[in-house]
């Protein structure tokens, strides 16, 4: 059960509803909550690794990378040898070199001074290369959003943790202002989501999938049941 159709239909069933019937929530609202949960999981756990490569023309001081969370390693091929690029900031470069953007040579460092959320990330190179240079960046990636147009696509999350998406949706659904609103139930599903999220943290998608693990009821860290209410009422 790791396609969006599986998760969406099961979630609706747990809410006493069905896609297209929409007693409480539209299909679009459920999908928005699912993508919000996926982004939250990716930001917290950084479970999906990706690798970006590009050839930077001589004289170019930036390279654009699309749809990632953050970089964690940079490399450049200089004179046929792969070298690690060290992270820095514009502030540090200005303090060290004043007009750093005029300096050219073999790339040694990279910087990302960007706080706004955009579709692409501008990565600065220092010094700007004097000749065409191959660069490689290792990054934490953003999972592909689910869509009602591609219901049978697998969700980009380890198989054993796919329930986290459903837990997140149910946590949001029971907190919404409807006739089934129940904060205790919402808190329970949020606790279940947080528990799975903590298991995914600091693992890449490939490593987890290759391990062949499946989710079990064992707990790690804070006991999820200790955070849930003693009685849950008003559920369907």
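Quick notes on this one:
- Computed lengthening from residue 36 to residue 89, 0.36 nm per intervening residue step minus Cα-Cα distance: 16.1 nm
- Working from Cα pairs under 8 Å separated by at least six residues, relative contact order for the range 49-141 is 50 percent.
- Spin-label zone in the range 137-170 - amide nitrogen under 18 Å from a point set 7 Å from the Cα of residue 60 along the C-beta vector: 137-138
- With the highest mean first, a sort of the peptides 25-31, 5-11 on other beta-carbon atoms found within 10 angstrom per residue produces 5-11, 25-31.
- Exposure proxy ranking for 154, 109, based on other Cβ atoms within 10 angstrom of each Cβ and starting from the fewest, stands as 154, 109.
- Straightening the chain between residue 23 and residue 97 buys 20.4 nm, computed as 0.36 nm per residue apart minus the Cα-Cα spacing.
- Averaging the Cα positions of each part gives two centres, and for the range 14-40 and the range 65-112 these lie 43 Å apart.
Values quoted throughout were computed directly from the atomic coordinates according to the rules given, and no laboratory measurement underlies them. This one's a predicted model, so the numbers in the text were calculated from it and none came from an experiment. Here Cβ is always computed from backbone atoms with ideal geometry, including for glycine, and neighbour counts include all displayed protein chains.
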